[in-house]
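Q: Sharing a structure, written as structure tokens. Questions coming.
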Amino acid sequence: MADRTQSEHQALSQADLVRRGDGPSLAAVAIARDEIVDIKGFIAHLRDWIDEIVIVDDGSTDGTLEYLADCGFPVTVLQRRLEPDGGFGAQRNHGLDAARSDWVVHMDIDERIPPELAVEMRAAIRDADRNAFRYRRLNYFLDRPFAAGGWQTWNAPQLGRRGAHRFTGAIHEQVAVDGGDVRTGQLTHMMLHFADASFGERLRKNAAYSERSAREILARGKPIRPWHLVMIPLKRALTAYLWHGAWRTGTRGVIFAIYTFSGTFNWYAVAWDEQNRIGRNRLEAALAKSWGIGDEHGG
């Protein structure tokens, strides 16, 4: 694959892919919620060469489930609500447990496997000495490639032998591979990750993740100080913009850095609120006491 020209890469078609039944079987396992915008492309780019598709759905109501029921490919759909404690790691493990193929590639519905990566995956899973393979992602931000901001450092072993790997963590889930790095290989081609359909979707995701991220912060057992609310978000924003090169992407880099600051601030603000919240009952009791409500001299 290394000596293919760019035009040959572009011309690579499904006909070049290793066919079903030739070598170990491969499943795509994904987690989903309200994915009608991306689900059609997800199924379309897999259906001609993948052996199995398993989707763990967290209560979709936008037509995703109806599409999967009539998409023409026998997708295994597992309906399971996202749990606060287990989070995304538990969702992925649930899909992994349902898969029957020899190997599993763990995906999001807005990810795409280019043909050259598909060929590389099919070849890699023939390696009896490996239990998993890492691969990198080309992330998109505001519908454009964004190899910056720290996103370009993602390199996880999400192609794994069934029975030899497991997810840990509720939000930023990690893969534990039997045998560790010794049994983990590295692929050369990249997964495509479209991420958010709009900046508004990015903000909504941050709001949804803030409480889970706050729980991870609180689990450290340390009080949130005023400087946490300023310095940690500022450090992350500057690191994304300067060190990880978001500045090279122009306006999108500025948006990304400011979003990184505000998103991180939200995590710590929610955590501070959890540690310092007075609560409605105490607030009502304090007001009642000051107003003389409910005591023997009250009206």
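Q: Give the calculated FRET efficiency between Ala123 and Asp48 to the nearest 0.05, with a Förster radius of 22 Å applied to their Cβ-Cβ distance.
A: Computed FRET efficiency for Ala123 and Asp48 comes out at 0.80.
Q: Which FRET efficiency value, to the nearest 0.05, is calculated for Thr239 and Glu83 with the Förster distance at 41 angstrom and r the Cβ-Cβ distance?
A: 0.85
Q: Which FRET efficiency value, to the nearest 0.05, do you get for Asn155 and Arg277 by plugging their Cβ-Cβ distance into 1/(1 + (r/R0)^6) with R0 = 41 Å?
A: 0.60
Q: Separation between the Glu216 and Phe199 pseudo-spin-labels, each 7 Å from Cα along Cα→Cβ, expressed in nm?
A: The two pseudo-label positions are separated by 2.5 nm.
Q: Take the chain, connect every pair of alpha-carbon atoms lying under 10 Å apart with a spring to form a Gaussian network, then pick out the residue of Ala148, Ala128, Ala176 with the largest mean-square fluctuation.
A: Result: Ala128 has the largest fluctuation of those listed.
Q: Using the Cα centre as the reference, give the magnitude of the dipole from point charges on the C-beta atoms of the range 162-231 (Lys, Arg: +1; Asp, Glu: -1; all else neutral), rounded to the nearest 20 debye.
A: So the magnitude is around 240 debye.
Q: Would you kindly derive the ³J(HN,Hα) couplings of the range 131-136 from the backbone phi angles with the Karplus curve 6.51 cos²θ - 1.76 cosθ + 1.60 (θ = phi - 60°), listing them in order in whole Hz, with x for Gly and Pro?
A: Residue by residue, the range 131-136 yields 9, 6, 9, 7, 8, 9 Hz.
Q: To the nearest 20 Debye, how big is the dipole of the chain about its Cα centre, given +1 on the beta carbon of each Lys and Arg and -1 on that of each Asp and Glu?
A: 1020 debye
Q: Give, as a single signed number, the net charge of other residues whose beta carbon lies under 14 Å from the beta carbon of Phe194, with Lys and Arg counted +1 and Asp and Glu -1.
A: Value of the local net charge: -2.
Q: Around Gly86, with a cut-off of 14 angstrom between Cβ atoms, what is the net charge of the other residues, counting Lys and Arg +1 and Asp and Glu -1?
A: Summing Lys and Arg as +1 and Asp and Glu as -1 gives 0.
Q: Would you mind computing, in nm to one decimal, how far apart the modelled labels at Ala288 and Gln186 are, each placed 7 Å from Cα along Cα→Cβ?
A: Modelled inter-label distance: 6.4 nm.
Q: Turning to a different aspect of this structure: For the chain, which whole percent of the accessible surface, found with a 1.4 angstrom probe, sits on carbon and sulfur atoms?
A: 53 percent
Q: With a bin width of 10 angstrom, please list the P(r) values of the range 167-221 as percents of all Cα-Cα pairs, from the 0 bin to the one holding the largest distance.
A: Final binned percentages: 17, 30, 33, 20, 0.
Q: Go through Leu159, Asn131, Ile224 and say which Cα lies farthest out towards the positive end of the charge dipole of the range 125-256; charges sit on Cβ, +1 for Lys and Arg, -1 for Asp and Glu.
A: The residue sitting farthest along the positive end of the dipole is Ile224.
Q: Output needed: percent of Cα pairs per 5 Å distance bin for the range 162-299, bins running from 0 to the one holding the longest distance.
A: 2, 8, 11, 13, 14, 13, 12, 10, 5, 4, 3, 2, 2, 1, 1, 0
Q: Under a GNM of the chain (C-alpha, springs under 10 Å), which listed residue has the highest mean-square fluctuation: Ala288, Ala195, Ala269?
A: Looking only at Ala288, Ala195, Ala269, the biggest GNM fluctuation is shown by Ala288.
Q: Additional query: Calculate for the chain the 222 nm mean residue ellipticity that helices alone would give, adding -39,500 (n - 2.57) per DSSP H run of length 4 or more and normalising by residue count, nearest 500 deg cm²/dmol.
A: -12500 deg cm²/dmol
Q: List, largest first, the extents of the alpha carbons of the range 22-114 along their principal axes, each in whole Å.
A: Cα extents, longest axis first: 40, 25, 21 Å.
Q: How much net charge surrounds Glu173 when only other residues with a Cβ under 12 Å from its Cβ are counted (Lys, Arg +1; Asp, Glu -1)?
A: Net charge around Glu173: +1.
Q: Treating only the Cβ atoms of Lys and Arg (+1) and Asp and Glu (-1) as charged, compute the dipole magnitude of the range 210-262 about its Cα centre; round to the nearest 20 debye.
A: The calculation lands at about 120 debye.
Q: Let me ask you something else. Of Val29, Gly253, Trp103, which is farthest towards the positive pole of the chain's charge dipole, taken about the Cα centre with +1 and -1 on the beta-carbons of Lys, Arg and Asp, Glu respectively?
A: Farthest along the dipole direction, towards plus: Gly253.
Q: Which of rounded, prolate, oblate describes the range 108-174, given a ≥ b ≥ c as roots of the alpha-carbon gyration tensor eigenvalues and a/c under 1.5 marking rounded, otherwise prolate only if a/b is larger than b/c?
A: The shape class here is oblate.
Q: Would you mind telling me the antiparallel percentage of the DSSP bridges in the chain, rounded to 5?
A: 40 percent
Q: Based on the alpha carbon coordinates of the chain, what radius of gyration and maximum Cα-Cα distance (Dmax) apply, in Å?
A: Calculated on Cα positions, Rg and Dmax stand at 23.1, 91 Å.
Q: Among the lysines, select those whose C-alpha is under 23 Å from the C-alpha of Lys235, and discard any that sit fewer than 8 residues away in the same chain.
A: Correct list for Lys235: Lys205, Lys222.
The values are calculated or read from the model by the stated rules, or taken from the named source; none is laboratory data. Values in this document were obtained by computation on a predicted structure and should not be read as measured data. Virtual Cβ from ideal backbone geometry, glycine too; neighbours counted across all protein chains shown. Note: areas computed on protein heavy atoms with side chains; ligands, DNA, RNA excluded. Shrake-Rupley method; radii C 1.70, N 1.55, O 1.52, S 1.80 Å.
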